[in-house]
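Quick notes on the structure that follows.
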Amino acid sequence: MIIRQAAFENMNGKRHLKGALHCHSSRSDGDSSAEEVVSRYYRDGFDFIALTDHFRYNRESPVPHLPITVIPAAEGGADINDGLGHGFRCYHTVLLGKNDETNGFAQGERIPTGNDLSPTGKITCAEDYQPYLDMIHEKGNITFYCHPEWSSTPARLFENMKGDFAMEIRNTDCVHSCNMDRDCPYWDEVLGQGKRLWGVAVDDIHRLNMADRSWVMVGADNNVSDIVDALASGAFYSSFGPSIYDFYVEDGKAHIVCDTVNRIEFMADRHPTSVFRDPNGVTEAEFNLNDSYFYIRACVTDSYGRSAWTNPIFLD
Ligand SMILES: [Zn+2]
Ligand SMILES: [Zn+2]
């Protein structure tokens, strides 16, 4: 029996859609107008974009003459007061909605902060933040958890959040501005606890010259509803370079097919796994699974050090 990761099911020769899920404009703290941001991603070949200005919901394309799909979206969040009295911690959440009346927010509407919804104004743990997430979900939006390393949140501070479909595993702005490139270990931490969470790569651009450096590739038709459904069901992979063409499990082995790369890693329950290296380049690899694994995922890296990640296949 073949278990194929959802990004590669039912593609029938279709190409994946390239998308930017986390972008800021001058409507919040970006350096460029919403028109410039969306136009830039369109010129770079993106099929869809979510404008996620802080606490400001965007439903409409600022450049309606350009054929790029705009996903209704915003970035919300809360500051964390964990009682230690020092340092900075926060929860940031990107919300994505379908393009109809069900996502609950109007064009340009200010969305509350998590602190606004707390009776004391304080958020000390995931449980304090959950009513905020619940409110967003009840309005018909899906959510992902942003930049855990930049937010200075150990996994224990977000592992009990309910309802996120994904978390960020690469954030261009955090990598380039702060050298924070260690979000993936958080992902394996929560996956290793038996939680099902997809991984998204995003730019989180605040400067236009950081555009088109990390993205998702989605198996969907090019409309908001299909894209949001595909994201929620894990029918995508993430990249800042290579393409991935297939990822599946058959007869106790995981298989991946991708662009020519020099390193392929299979990750399972944080268990030490083999890393396949070939300086001449490989385009596929397979890996023997252990019966005890809860999930298997793969990461491929090319000669420039650029990676792409599959979402996990859950093996239970
Ligand atoms: Zn953020
Ligand atoms: Zn952001």
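Seen against the Cα atoms of the chain and their longest principal axis, helix 126-138 is set at about 90 degrees.
With the Cα gyration tensor of the range 19-171 giving a ≥ b ≥ c as the square roots of its eigenvalues, does the rule (a/c under 1.5 for rounded; else a/b larger than b/c for prolate; else oblate) give rounded, prolate or oblate?
Details: a/c = 2.06, a/b = 1.71, b/c = 1.20.
Prolate, because a/c is 1.5 or more and a/b exceeds b/c.
Relative to the longest principal axis of the Cα atoms of the chain, the long axis of helix 34-43 makes an angle of roughly 20 degrees. Judged by the ratio a/c of the largest to the smallest principal axis of the C-alpha gyration tensor, the range 251-316 counts as prolate, that ratio being 1.5 or greater while a/b is larger than b/c.
Around the amide H of Tyr245, modelled in the peptide plane, lie the amide H atoms of Val257, Cys258, Asp259, all under 5 Å away and 5 or more residues distant in sequence or on another chain. In percent, how large is the relative contact order of the range 241-316, given Cα pairs closer than 8 Å and 6 or more residues apart? Relative contact order for the range 241-316 comes out at 34 percent. Take every pair of alpha-carbon atoms less than 8 Å apart whose residues are at least six positions apart; their mean separation over the length of the range 152-245 yields a relative contact order of 25 percent. Semi-axes of the equivalent ellipsoid for the chain, computed as √(5λ) from the eigenvalues of its C-alpha gyration tensor and ordered from largest down, come to 30, 23, 18 Å.
Peptide packing for 228-234, 49-55 was compared via the average number of neighbouring C-beta atoms within 10 Å per residue; ordered from the highest value, the list is 49-55, 228-234.
Let's test the formula: R0 of 41 Å, r as the Cβ-Cβ distance of Arg270 and Arg207. What FRET efficiency results, to the nearest 0.05? Before the final figure, lay out each step's value.
Working: r = 34 Å, r/R0 = 0.84.
My answer for the efficiency is 0.75.
Rounded to the nearest whole Hz, the Karplus-based 3J(HN,Hα) values (6.51 cos²θ - 1.76 cosθ + 1.60, θ = phi - 60°) of the range 213-222 follow the sequence 10, 8, 7, 10, 10, 10, x, 7, 7, 7, with x at glycine and proline. Once the 1.4 Å probe is applied to the protein heavy atoms, the chain comes out at 42 Å² accessible per residue. Straight-line cross-link partners of Lys253 among the aspartates and glutamates, defined as a Cα under 16 Å from its Cα and at least 8 positions apart when in the same chain: Glu265, Asp269, Glu284, Glu286, Asp291, Asp316. First compute the accessible area of the range 241-316 with a 1.4 Å probe, then give the percent of it belonging to carbon and sulfur atoms. Heavy-atom surface of the range 241-316 belonging to carbon and sulfur, 1.4 Å probe: 42 percent. Normalised by the number of residues in the chain, the mean separation of alpha-carbon contacts (under 8 Å, six or more apart) gives a relative contact order of 17 percent. When each of the peptides 23-35, 254-266 is scored by how many other beta carbons lie within 10 Å of its residues on average, the order from highest to lowest is 254-266, 23-35. Computed from the alpha carbon atoms alone, the convex hull of the range 170-316 holds 125 Å³ per residue. In summary, the lysines within cross-link reach of Lys122, defined as a Cα separation below 20 angstrom excluding same-chain residues under 8 places away, comprise Lys162. Placing a label point 7 Å from the Cα of Ile3 along the Cα-to-Cβ line, the residues of the range 265-304 whose backbone N sits under 13 Å from it are 268-269, 289-297.
Estimated from helical segments only, the mean residue ellipticity of the chain at 222 nm is -4500 deg cm²/dmol, where each DSSP H run of four or more residues counts as -39500 (n - 2.57). Taking amide H as placed 1.01 Å from N in the peptide plane, the amide H of Arg207 sits under 5 Å from that of Asp31, each at least 5 places away or on another chain.
Accessible-area rank, largest first, for Glu159, Glu109, Glu60: Glu60, Glu109, Glu159, with all protein chains present and a 1.4 angstrom probe. Placing pseudo-labels 7 Å out from each Cα toward the beta carbon at Thr120 and Asp278 gives an inter-label distance of 5.7 nm.
The values are calculated or read from the model by the stated rules, or taken from the named source; none is laboratory data. Computed from a prediction, not measured in an experiment: that's the story for all the values here. Quick reminder, even Gly has a Cβ in these numbers, built from the backbone with ideal geometry, and neighbours come from all protein chains shown. We work out accessible area using only protein heavy atoms, side chains counted, and drop any ligands, DNA or RNA first. Shrake-Rupley method; radii C 1.70, N 1.55, O 1.52, S 1.80 Å.
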